[in-house]
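Quick note: the coordinates plus some simple rules give every number you see, no bench work behind them. Keep in mind it's a predicted model, so treat the numbers as computed, not measured. Neighbour counts run over all protein chains shown; Cβ positions are idealised from the backbone, glycine included.
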Amino acid sequence: MRSAFFLLSHSMKRVRSLVLTMSFLVAGFQILLTLVAKSIEKANAFEEMSHVVPDFLRQLMGPSFVALMSFRGIVCVGYFHIAVMGSLVGLMIALATEPAAEIESGFTDLVLSRPLARHWVITRTLALILLCTGFSVFLMMLGTWAGLYWLAPKGAEWPAPGLIRSLALNLGLLMLCWGGVTAAVSAACRRRSVAGSVASLLTLAAYLLDYLARVWEPAQSVAWLSPFRYYSPLDRILGAQIPGRHLWVLVSVAVAGFALAYIVFARRDL
Amino acid sequence: MDAPAIRIVGLSKRYGGLLAVDNLDLEVSNGEVFGFLGLNGAGKTTTIRVLLDLIRPSAGKAFVLGEDCQSNGLRVRAQVGYLPGEIRFYGDMTGTETLDLLARLGRQSVAPHYRGQLLERMELSSADLRRRIREYSTGMKRKLGIVQAFQTDPALLILDEPTEGLDPLMQESFYQILYDAQRRGRTVFMSSHVLSEVERVCHRIGLIRKGTLALLSPVEEVRKLAARRVRVFFEREVDRIPARFPDGYEIVEIQPQCWTVRARGALGPLIDALAGLPVRDLEVEKPRLEDVLISYYREGTP
């Protein structure tokens, strides 16, 4: 246990710059979004903006379009903006490919020639992912509140704390889900580049599948395969509760991913 | 400790269609310095990695100090210091950070005095240890690797090509560290390509060829298998070659006043065969381990 703690602290030290940079960037992005929402609100331009958006896009988005065209909606965009989602899922892929990177570098040989059980390598990655997910999502929420306190104009409708919390929870679980999937891939690979590429391709395929299912009916029959299907922030902004089943699916994929990572890593030749 | 330091029983490891180690049996006693030899791909590193439970055998068992390397891997590794053949540390860590991390991952404590002694012998200064490893040369990384393997003063040292990349002075320092460890009763299991090194430091050698043990013998015994070269110098040119040389002797080179003879066993029969010839001098070369081992590498027998 003591050895595993040293392994975790070593990993945290190595990734701290990446995690801090990414977390401050998403927090900063939230502040920037509040600034944008403030300027639109001040110019009273939400209605004008809605006219600029093409009809097909308005129809595609349905009622969520109206919800988005508000101070509250713009502030919440960060929780499902593709750049934010991409960056945070990318962060998970970077963290979860550490076992493959250590096999590639030969560092695993040095670590596991010590009296350290193999499962600690995966447990370290799991702990690292939990800590970093929690930290980056927490900082993102902090950025949202800081932006609102400093920049929100008087009379603007703030997103409710419960809404921010549930969006953050949903985003955090999506990150954990991809962390688990990548950990399973990483546990079976000898090279970080291979593990990272496979995980990235899976992520991209899942994202496109979910997107396709929204615009092309035949794809809906297989859309359940995509974890992004279970990430529905727009519904939440519209006032609906996030279905508990969605959260459980994301948690289950994460748990299954890590369970597979434990099994594969324990059995493989290093 | 009654159990041998290493016991390998019927060990086989298959990678798909390739049989890397084939039914290997081997025993290394406590306090012994054992040289594990073989060409690249012969199965040396695979065997070492099985001992450390980094790879799982396809068949057979391996034991270290009486503990099964697979089912009791943690207890085994608590007593082992390992130097990999290709040592790669994290470049962004300093030497001190690396040594500290690897020491903390073990269950044995590191005596600061002993580590200091190792660092001094390997000529790694405090300034060197404060530098990031990406700034280290290959030799410095090797020296750091040696220190990390020895620093807990383990009962068994498994060293894969330990002197590769070390300059002659550092090789000498390494041998001194090895002698000291052996004097304290530590067992050393080392693979090497450097036959002169094996000849110098090992008590016994095992030669693995295509995954099977081709030779297992004390170094002295192996040396005895080697043919000596005897140069016979004459007072004048000799054109009469004895019709028949005794068994185990063979003239390999003839010059007007000098013959080179390859001799196995005692030299008495050679001297008898040379009787009557104007012999001025005899020069006997010490048998070399290399001569035997190279023939084993090639065809399996000397």
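Counting only GluC sites (Glu not before Pro) that are in a DSSP loop and have at most 14 other C-beta atoms within 10 Å, tell me the longest site-free stretch of chain B.
The longest such stretch corresponds to B:124-234.
If Lys and Arg each add +1 and Asp and Glu each add -1, what is the summed charge of the other residues whose beta carbon sits under 15 Å from the beta carbon of A:Ala266?
Spelling it out: positives minus negatives among the neighbours equals +3.
With chain A treated as a Gaussian network of Cα nodes joined by springs under 10 Å, which of A:Pro99, A:Pro233, A:Pro159 yields the largest mean-square fluctuation?
Highest fluctuation among the options: A:Pro159.
Please list the helices of chain A that count as membrane-span-like by this rule: a mean Kyte-Doolittle hydropathy of at least -0.5 together with Cα atoms stretching 24 Å or more along the helix axis, each helix being a complete DSSP H run.
Helices meeting the criterion: A:2-42, A:119-151, A:161-188, A:192-215, A:244-267.
Return the long-range amide H neighbours of B:Leu215 (sequence gap of 5 or more, or a different chain), with a cut-off of under 5 Å between placed amide H atoms.
HN-HN under 5 Å from B:Leu215: B:Leu207.
Separation of region A:12-53 and region B:15-62 by C-alpha centroid, Å?
With region A:12-53 and region B:15-62 each reduced to a Cα centre, they are spaced 58 Å.
Using the 2.2 N^0.38 Å rule of thumb for compact globular proteins, work out how region B:1-104 stacks up: its C-alpha Rg over that value, please.
1.18
Using only the Cα atoms of region A:9-60, build the gyration tensor, take square roots of its eigenvalues as a ≥ b ≥ c, and label the shape rounded, prolate or oblate: rounded if a/c is under 1.5, else prolate if a/b is larger than b/c, else oblate.
It is oblate, given that a/c is not under 1.5 and a/b is not larger than b/c.
Please report the antiparallel percentage of the DSSP beta bridges confined to the protein assembly as shown, to the nearest 5.
The antiparallel fraction comes to roughly 70 percent.
For B:Lys210, which lysines qualify as cross-link partners when the Cα separation must be under 21 Å and same-chain residues fewer than eight apart are set aside?
By straight Cα distance, B:Lys210 reaches B:Lys13, B:Lys44, B:Lys61.
In straight Cα distance, which aspartates and glutamates are under 12 Å from A:Lys154, not counting same-chain residues fewer than 8 positions off?
Excluding near neighbours in sequence, the set is A:Glu41.
Please identify every one of the chymotrypsin sites (Phe, Trp or Tyr not before Pro) in region A:1-50 that sits in a loop by DSSP and has no more than 11 other beta carbons within 10 Å of its own beta carbon.
none
Add +1 for every Lys or Arg and -1 for every Asp or Glu among the other residues with Cβ under 12 Å from the Cβ of B:Glu27, and state the total.
Value of the local net charge: 0.
Sequence neighbours fewer than 8 away in the same chain don't count; with that in mind, list the lysines whose C-alpha is under 16 Å from B:Lys286.
B:Lys224
Counting other C-beta atoms within 10 Å, which of B:Thr138, A:Thr97, B:Thr260 has the fewest, and how do the rest follow?
By the 10 Å Cβ count, ascending: B:Thr138, B:Thr260, A:Thr97.
Under 14 Å from the Cβ of A:Trp158, count the other residues' Cβ atoms, weight Lys and Arg +1, Asp and Glu -1, and hand me the total.
For residues surrounding A:Trp158, the net value is +2.
Applying 1/(1 + (r/R0)^6) with R0 = 25 Å to the Cβ-Cβ distance of A:Phe24 and A:Leu130, what FRET efficiency is obtained, to the nearest 0.05?
E between A:Phe24 and A:Leu130, to the nearest 0.05, is 0.80.
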